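The values are calculated or read from the model by the stated rules, or taken from the named source; none is laboratory data. For clarity, every value in this text was computed on a predicted model and none was experimentally measured. Positions of Cβ are backbone-derived with ideal geometry, glycine not excepted, and every protein chain shown enters the neighbour counts.
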Amino acid sequence: MASCEEVGVTSSGHQAFLDATLPHLDAVHRVARHMATDPGLADDLVQETYLRAYAAFHTHRGPNTRAWLVAICVNQARSQARRLRRRPLEDLGADLEAFEEPGPEPFQQVAVRLDVAALTRAIAVLSEPQRACLVLMELGGLTAAETAEVLGCPRGTVLARVHRGRRRLAQIMAAERARP
Amino acid sequence: MISHERELVAFLAGDLEPDERRRFDAHLLRCDACWRALRQDRWARQALELLRLPAPGGLAERVAMGVELASDRSPRRRGGRVLVAAALVAALGLAGGLGLSFAPSSPPAAPRAPQGAVGTVVRFAQLLPAPSQPSSTRNGSVPSTVGQPLELDAGGQRFELTYYAVDGREEVVATSTLMFPMPAGGVPLPIRQGSQSQGWKATSGGIQMYCQNAPVGPSSVLVAGTGPISALEGLLARIPLG
């Protein structure tokens, strides 16, 4: 996958831009799918991301085009959320306290059939900081260091949020299965 | 928060030194809370594999088209036009969200393809889904709009573009207070007695076009699609225009 430097891009020729960025479309869409305020608008968010990226392509000099696109996508998603007057939830360590007691664990079940829709709903329940870290690393394919740079927080904070987000997902899914 | 969360996070990230890792391994054998947390983490990591899905079909083409449209704009107006292009291409997603497949019904426009508003209408019509039933089964049902109308500006002509679905087929209807110029190869329509409308019909890039221009009045109308001209004319007669 060519970066803008590898293709020698100094102009904003649209084909060069597409050659450098379309290989990351799957990752960008996965991020959009879980960061958009309305998952049904993920495709629109991807469109907006690519158009804004195209407008700024002449300034992109870093080697990591995927992280650059993901950063634009996250910023667009957050702008949308602000316009809809939704505040990102604070990352409260206490949000795990209610789940510390032993309970049914999904991996103990004989047959585990994962419901993609249920998992998607569970991600949407996470706090925005946890969701952002988890989505960028697990679905966007970014490293912890890249995620930290995109989100403007320390790498250690990213790792902690990802871990808490994974645990929260497991607990949510376990609780869902425990329902009669 | 478990008491050894920091060590567990470092352990899972592979950040511990070998002796620290051995000590934490031993701790895991004794600590139910850390062991449960580790299993939850690993379970979720595995479950999230299910969500590593590819982008939906057709999205790459829509993205490419949006970028290409944006590149057609002058640099002076690029900022606003990028966002207009985003809006107009994003609106295609509304039709895509209805589960319709987008496949160009014909190859891209020939070298002398129409420009401006007419060219833009042709390009949108080229993304229409294939008909879901043969045109011979048309039963005169009422046309219905698909998605939201788009407000567009191409070549200095502002127009509104709406998708209509009727009898298993979709067509594009564009309305403007300015006349739609007849493209190269177009054929003027006979002027009807008592009418001031100046119409034309044309074909470009596999798209049929039927246009009724109003020299004076609220709207000139351009209907475009893959069906025959007679079908486009029929649609025009059946849709309510302001």
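Quick notes on this one:
- The set of residues in segment A:129-147 that are assigned to a helix (DSSP H, G or I) and more than 10 Å from chain B (Cβ to nearest Cβ) comprises A:129, A:130, A:131, A:132, A:133, A:136, A:145, A:146, A:147.
- The set of residues in segment B:7-45 that are surrounded by fewer than 14 Cβ atoms within 10 Å (Cβ to Cβ) and facing another protein chain (nearest Cβ under 10 Å) contains only B:32.
- The one condition in (1) more than 9 Å from chain B (Cβ to nearest Cβ); (2) at pLDDT 90 or above that residue A:63 fails to fulfil: (2)
- Contact map, segment B:33-53: first residue β-branched (Val, Ile, Thr), second residue modelled with pLDDT under 90, Cβ cut-off under 8 Å, separation 6 or more or different chains; the map is empty.
- Segment A:20-60: number of residues that are away from chain B (no Cβ under 11 Å) and hydroxyl-bearing (Ser, Thr, Tyr): 2
- Restricting segment B:69-94 to residues that are at the interface with another protein chain (Cβ under 7 Å from one of its Cβ atoms) and either surrounded by 20 or more Cβ atoms within 10 Å (Cβ to Cβ) or under 20 Å from residue B:172 (Cα atoms) (or both), the residue that is modelled with the highest pLDDT is B:70.
- Residues (surrounded by fewer than 17 Cβ atoms within 10 Å (Cβ to Cβ) and under 14 Å from residue A:37 (Cα atoms)) located in segment A:114-129: A:120, A:121, A:124, A:125
- Test: residue in segment A:31-38 that is at pLDDT below 90, surrounded by fewer than 22 Cβ atoms within 10 Å (Cβ to Cβ) and out of contact with any helix residue (DSSP H, G or I) (no Cβ under 6 Å at 6 or more places or on another chain): yes
- Criterion violated by residue A:44 - all others in (1) modelled with pLDDT of 90 or more; (2) more than 23 Å from residue A:133 (Cα to Cα) satisfied: (2)
- Residues located in segment A:17-68, provided they are in contact (Cβ under 8 Å) with a residue 12 or more places away in the chain, farther than 17 Å from residue A:123 by Cα and β-branched (Val, Ile, Thr): A:21, A:46, A:49, A:65
- A single member of B:109, B:117 is in contact with a strand residue (DSSP E or B) (Cβ under 7 Å, 6 or more places away or on another chain), at pLDDT below 50 and away from chain A (no Cβ under 14 Å), and it is B:109.
- Breaking point among (1) at the interface with chain A (Cβ under 7 Å from one of its Cβ atoms); (2) within 32 Å of the chain's Cα centre (by Cα), for residue B:57: (1)
- Number of positions in segment A:39-65 that are within 18 Å of the chain's Cα centre (by Cα) and buried (at least 20 other Cβ atoms within 10 Å of the Cβ): 12
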